[in-house]
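Worksheet for the structure shown next.
No value in this document is a laboratory result; all are computed from the given coordinates. Predicted, not measured: the structure shown is a model, and the values here were computed from it. Cβ: placed from backbone, ideal geometry, glycine included. Neighbour counts: every protein chain shown.
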Amino acid sequence: MGEQKSWRIGDVKITRVLEQVAPLPPEGLIANIDPARLAEHRSWLQPHFMNEAGQILLSIHALVVESGGRRIVVDTCMGNDRPLPRDMGPLSTAFLEELTQVVAREDVDTVLCTHLHFDHVGWNTMLVDGAFVPTFPNARYLFAREEYEHWTKSPEDENIVFQYGVDPIVAAGLHTLVESDHRLTDEVRLEPTPGHTPGHVSVVIESRGERAVITGDMVHHPVQLAEPHWGSHPDTLPERAIETRRDFVARYGDQPVLVIGTHFAGPTAGHIVREGGSCRFRGAS
Ligand SMILES: [Zn+2]
């Protein structure tokens, strides 16, 4: 655990900080899945994205983006010391120590959550003396306005996502609501990719003619780039999510664009390549 990995896009550095890799039965996450078709993809999915037993591998990690002197953390995993859905918590990982190897938490100036699910807002906060306080005291936490308004308009009674990951940030006055095409720096901007959640965003990085995109959860697993109509069970708007994945593959397929998967295990980043009528994801070495 805690394996770091980094990439350079022109002058921008992106570093992965791992919280956890989890094996899952494919049908536990992916909707509309066709087992025979999945078997055809095994040759390129193994070993990084599927294990010998045929389980898919899902990585939970944060991405630290350094651009023009700014230090941006994209998505903050699940966090320690709190209840999590499906009895996954409380966790006690060394994530924060790993992150500190990349950037001191006081030096992070921006936190960006691609959407407001529990595994993307966790380390927004940490437990100190019995209270959850902002992990990054000098950061602005950016939430897409559409996303924030969606979840606040339909509050759930026991919304642990907000209770632990969002409310303490709002209470501290550290949040900023931004449009879904917001520009963070000359090199980093948001791109709306709705469907998984209504205000979901991806992150586009462009520097010195090089380009990368951080997916967020518009795709959970590389096989969905080959089969964009295979959804994810937690998708709020399944039809819109399919459309978004198809657009994404059309836009970034066979392009010199590094696709960095928010839940992609192993190499995490790579390229969408067309091979024999369908797409596959080729991990960058
Ligand atoms: Zn997620």
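Any residue in the stretch 73-95 that is over 25 Å from Arg145 (Cα atoms) and surrounded by 24 or more Cβ atoms within 10 Å (Cβ to Cβ)?
yes
If I filter the stretch 251-258 for residues that are more than 16 Å from the ligand (Cβ to nearest atom) and in a helix (DSSP H, G or I), do I get at least one hit? Can you show your working first?
Start the filter on the stretch 251-258 by keeping residues that are more than 16 Å from the ligand (Cβ to nearest atom), which leaves 251-258.
If we keep only those that are in a helix (DSSP H, G or I) as well, we get 251-252.
Looking through the stretch 251-258, at least one residue is more than 16 Å from the ligand (Cβ to nearest atom) and in a helix (DSSP H, G or I).
Which one is surrounded by the fewest Cβ atoms within 10 Å (Cβ to Cβ) among residues in the stretch 100-129 that are assigned to a helix (DSSP H, G or I) and away from the ligand (no atom under 16 Å from the Cβ)? Spell out the reasoning first.
Just the residues of the stretch 100-129 that are assigned to a helix (DSSP H, G or I), to begin with: 100, 105-107, 118-124.
Cutting the leftovers down to away from the ligand (no atom under 16 Å from the Cβ) gives us 100, 105-107.
Working: Thr100: 13, Arg105: 18, Glu106: 10, Asp107: 12.
Here the residue is Glu106.
Across the stretch 229-250, which residue is nearest to the ligand (Cβ to nearest atom) among those that are among the small types (Gly, Ala, Ser) and under 17 Å from the mean Cα position of the chain (by Cα)? Once the filter is applied, the top-ranked residue is Ser232. The residue that is surrounded by the fewest Cβ atoms within 10 Å (Cβ to Cβ), counting only those in the stretch 211-223 that are more than 13 Å from the ligand (Cβ to nearest atom) and under 20 Å from Ala36 (Cα atoms), is Val223.
Among the residues of the stretch 229-285, what is the count of those that are under 19 Å from His41 (Cβ atoms), without any contact (Cβ under 8 Å) to a residue 12 or more places away in the chain and not small (Gly, Ala, Ser)? Residues that pass the stated criteria total 1.
Among the candidates Ile56, Ile30, Ile14, which residue alone is of a type in the set (Val, Ile, Thr) and away from the ligand (no atom under 15 Å from the Cβ)? Steps first, answer last, please.
On the way: Ile56 fails: away from the ligand (no atom under 15 Å from the Cβ); Ile30 fails: away from the ligand (no atom under 15 Å from the Cβ).
Just a single option satisfies the conditions, and that option is Ile14.
Consider Glu146 carefully, then state whether it is under 30 Å from Glu27 (Cα atoms), among the acidic types (Asp, Glu) and either out of contact with any helix residue (DSSP H, G or I) (no Cβ under 6 Å at 6 or more places or on another chain) or within 16 Å of the ligand (Cβ to nearest atom) (or both). Considered against the rule, which asks whether it is under 30 Å from Glu27 (Cα atoms), among the acidic types (Asp, Glu) and either out of contact with any helix residue (DSSP H, G or I) (no Cβ under 6 Å at 6 or more places or on another chain) or within 16 Å of the ligand (Cβ to nearest atom) (or both), Glu146 comes out as yes. Could you tell me whether any residue of the stretch 266-285 is within 16 Å of the ligand (Cβ to nearest atom) and either in contact with a helix residue (DSSP H, G or I) (Cβ under 9 Å, 6 or more places away or on another chain) or of a type in the set (A, V, I, L, M, F, W, C) (or both)? Scanning the stretch 266-285 turns up no residue that is within 16 Å of the ligand (Cβ to nearest atom) and either in contact with a helix residue (DSSP H, G or I) (Cβ under 9 Å, 6 or more places away or on another chain) or of a type in the set (A, V, I, L, M, F, W, C) (or both). A search for C-beta distances below 9 Å between a residue of the stretch 169-189 that is surrounded by fewer than 14 Cβ atoms within 10 Å (Cβ to Cβ) and any residue that is small (Gly, Ala, Ser), counting only pairs 6+ apart in sequence or on different chains, returns Glu179/Ala144; Asp186/Ser67; Asp186/Gly68; Asp186/Ser207. If you go through the stretch 226-241 and keep only what is under 19 Å from Gly28 (Cβ atoms) and out of contact with any strand residue (DSSP E or B) (no Cβ under 9 Å at 6 or more places or on another chain), you end up with His229, Pro234, Asp235, Thr236.
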